[in-house]
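Undergrad: Can you read through this structure? Questions will come right after.
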Amino acid sequence: MHKKHNFIHYNIFSPYQNLVAFTSTKQSFDTENTRFTGDSPEIYTETRKQLAEKLGIEVQQLVFPRQTHTDCVAEIDGVPDCEITETDALVTNQKGICICVQTADCVPILLFDSKKKVIAAIHAGWRGTVKKIAAAAVQKMTDKFGSDTANIIAAIGPSISPAMYEVGNEVTEAVLRSIPNAGKAIRLNSSGKNHIDLWEANRQVLLHAGLQTKNIEIIGECSFTLNDRYFSARKEGAETGRMVSGIMLI
């Protein structure tokens, strides 16, 4: 991990000169309650403008979905002329389009096929995780663009850590039903409550989808614990700001 513009940049992507991949922090933007989508442009116009300036691109090159914890993956073949609704992952092979997701405890996942030059940006909360949205994005890359999973590399970004993510039976049972090797993603605390490791759960989903262990980076930074650096909906409330994670071919 290294930083520029108060963005996190991932070591796994650093060998590639034709790629930009990042996650923002609380220090990345001047606005107090950072959001990138919303019901009216006033909510996100300024932060998108600042993001585009930092990336050296036009605002129109930024593409965000309206996330609703689905397993829907949209293929982006150009700048869309309308909002992408009910979608939590984007995939493209087009240069100059920065596909993005926003998070505040949920897991951002960025994918890159270095051979076919295909990228994906994924938002995976616990619902998206158990729906295996990361695997759906990999499937889109292989089906639509001919990606070989051996060539796909992945970064799992800052989000709530297993130590902080205590859950009820509904979530635990969903993980047990859906996640490969689910036992590796469930931990019991001293009070007998379950904690879910969303990082490991998504790693297992990606491995099961065909990615290689060496090609998955988990940054391992907790949005709840490192609340001076990251937004946390669980700690600050659902109305808090959001981090943006994006990836772009150049």
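The values are calculated or read from the model by the stated rules, or taken from the named source; none is laboratory data. Predicted model only: the values in this text are computed from it and were never measured. Glycine gets a Cβ as well: all are built from the backbone with ideal geometry, and neighbour counts include every protein chain shown.
Undergrad: Tell me, please, whether a residue that is modelled with pLDDT of 95 or more, assigned to a strand (DSSP E or B), under 18 Å from the mean Cα position of the chain (by Cα) and polar (S, T, N, Q) can be found in the range 230-245.
TA: yes
Undergrad: Here's a follow-up. So which residues in the range 66-83 are of a type in the set (D, E) and at pLDDT below 90, if there are any at all? Can you show your working first?
TA: Residues of the range 66-83 that are of a type in the set (D, E), as a first pass: 71, 75, 77, 81, 83.
Listed by number, the residues that qualify are D81, E83.
Rundown of residues vs (1) modelled with pLDDT of 95 or more; (2) more than 25 Å from R242 (Cα to Cα), yes/no style:
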{"residue": "Q139", "(1), (2)": "yes, yes"}
{"residue": "D148", "(1), (2)": "yes, yes"}
{"residue": "A154", "(1), (2)": "yes, no"}
{"residue": "S161", "(1), (2)": "yes, no"}
{"residue": "R177", "(1), (2)": "yes, yes"}
{"residue": "R187", "(1), (2)": "no, yes"}
{"residue": "S190", "(1), (2)": "no, yes"}
{"residue": "I219", "(1), (2)": "yes, no"}
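Undergrad: Right, something else. Exactly one condition in (1) buried (at least 16 other Cβ atoms within 10 Å of the Cβ); (2) closer than 26 Å to F224 by Cα is not met by N169; state its number.
TA: (1)
Undergrad: Looking only at the range 115-126, which residues are surrounded by fewer than 24 Cβ atoms within 10 Å (Cβ to Cβ), farther than 17 Å from Q94 by Cβ and of a type outside the set (F, W, Y)?
TA: G125
Undergrad: If only one of L90, L62 is closer than 14 Å to V244 by Cβ and in contact with a Gly (Cβ under 9 Å, 6 or more places away or on another chain), which one is it?
TA: L62
Undergrad: Could we say that E217 is assigned to a strand (DSSP E or B) and either among the acidic types (D, E) or without any contact (Cβ under 8 Å) to a residue 12 or more places away in the chain (or both) here?
TA: Here the answer is yes, as E217 does meet what is asked.
Undergrad: How about the range 8-18: which of its residues are at pLDDT 95 or above, assigned to a strand (DSSP E or B) and either crowded, with 20+ Cβ neighbours inside 10 Å or over 16 Å from the mean Cα position of the chain (by Cα) (or both)?
TA: Filtering the range 8-18 for residues at pLDDT 95 or above gives 9-16.
Remaining after also requiring assigned to a strand (DSSP E or B): 9.
None; the set is empty.
Undergrad: Just give me the residues in the range 58-82 being more than 15 Å from A124 (Cβ to Cβ) and β-branched (V, I, T), in sequence order.
TA: Of everything in the range 58-82, those that are more than 15 Å from A124 (Cβ to Cβ) and β-branched (V, I, T) turn out to be V59, V63, I76, V79.
Undergrad: OK, next. If I filter the range 175-189 for residues that are closer than 30 Å to D39 by Cβ and buried (at least 18 other Cβ atoms within 10 Å of the Cβ), do I get at least one hit? Show your work before the answer.
TA: The initial filter retains those residues of the range 175-189 that are closer than 30 Å to D39 by Cβ, namely none.
Checking the range 175-189: not a single residue is closer than 30 Å to D39 by Cβ and buried (at least 18 other Cβ atoms within 10 Å of the Cβ).
Undergrad: If you don't mind, another one. Please go through the range 80-114 and pick out each residue that is surrounded by 24 or more Cβ atoms within 10 Å (Cβ to Cβ), without any contact (Cβ under 8 Å) to a residue 60 or more places away in the chain and of a type in the set (D, E, K, R).
TA: Matches in the range 80-114: D88 only.
Undergrad: Can you name every residue in the range 157-173 that is out of contact with any Asp or Glu (no Cβ under 7 Å at 6 or more places or on another chain), under 12 Å from L198 (Cβ atoms) and outside any loop (DSSP other than H, G, I, E, B)?
TA: V167, V171
Undergrad: Could I ask something else about it? For the range 68-75, indicate whether the set of residues that are under 17 Å from V244 (Cα atoms) and not polar (S, T, N, Q) is non-empty.
TA: Yes, the range 68-75 has at least one match.
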